[in-house]
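Below is one structure; the comments refer to it alone.
The values are calculated or read from the model by the stated rules, or taken from the named source; none is laboratory data. Fair warning: this is a prediction, and the values are worked out from it, not measured in the lab. Every residue, glycine among them, receives a Cβ derived from its backbone with ideal geometry; neighbour counts consider all protein chains shown.
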Amino acid sequence: MPKYLIQAAYTAEGLKGLAKDKASGRKAAVQAAMKAVKGKIDSMYFSFGADDVFLVVDAPDNIAVASISLTAGATGLVNIRVTPLLTVEEVDQALALPNKYRAPGAD
């Protein structure tokens, strides 16, 4: 199943919700959301700095992750960035594909 890195930053109101729900409550909410799209949390960490939460999730496809991201973002309580993660084998497969790309200005 594809993996995705989700980075999230709470708004001030979102941090109030985190304080109320506790970190374990937020994890349970995200687990339920992932289960609803047939995905699961691989790991979840809280941090401080530009982002408050880092997750690695398994999801069936981009549509499932987009659903989670759009729904959470629409609350206005959290800003989310999603990065698809590729395995070493997937990158090797990508590198093996024929490519006709020409850099700008190259001969």
Report summary line: Taking region 49-80 and keeping only residues that are closer than 19 Å to residue 36 by Cα and among the small types (Gly, Ala, Ser), one is left with 59, 64, 66, 67, 69, 72, 73, 74
Query raised in the report: Any chance region 81-99 includes a residue that's under 17 Å from residue 37 (Cβ atoms) and touching a helix residue (DSSP H, G or I) at 6+ places or on another chain (Cβ under 9 Å)?
Result: yes
Query raised in the report: Which of the following residues is modelled with pLDDT of 95 or more and touching a Phe, Trp or Tyr at 6+ places or on another chain (Cβ under 7 Å): 74, 59, 36?
Result: 59
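Looking at residue 44, is it aliphatic (A, V, I, L, M), outside any helix (DSSP H, G or I) and modelled with pLDDT under 95?
Judged against the criteria, residue 44 is not a match.
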Query raised in the report: Is it the case that region 38-55 has a residue that's surrounded by 15 or more Cβ atoms within 10 Å (Cβ to Cβ), of a type in the set (A, V, I, L, M) and over 20 Å from residue 11 (Cα atoms)?
Result: yes
Query raised in the report: Is there a residue being touching an Asp or Glu at 6+ places or on another chain (Cβ under 6 Å) and within 11 Å of residue 4 (Cα to Cα) anywhere in region 49-56?
Result: yes
Query raised in the report: Does residue 9 satisfy the condition of being assigned to a strand (DSSP E or B), more than 11 Å from the chain's Cα centre (by Cα) and farther than 15 Å from residue 67 by Cα?
Result: yes
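Take region 57-107 and flag every residue that is among the hydroxyl-bearing types (Ser, Thr, Tyr) and not in a helix (DSSP H, G or I).
Scanning region 57-107 gives 75, 83, 87, 101.
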Query raised in the report: Quick one: in region 59-72, which of the residues that are in contact with a Lys or Arg (Cβ under 8 Å, 6 or more places away or on another chain) and crowded, with 16+ Cβ neighbours inside 10 Å is farthest from residue 27 (Cα to Cα)?
Result: 64
Report summary line: Residue pairs qualifying under the 9 Å Cβ cut-off, at least six apart or on distinct chains, with the first in region 12-29 being of a type outside the set (Lys, Arg) and the second being at pLDDT below 95, are none
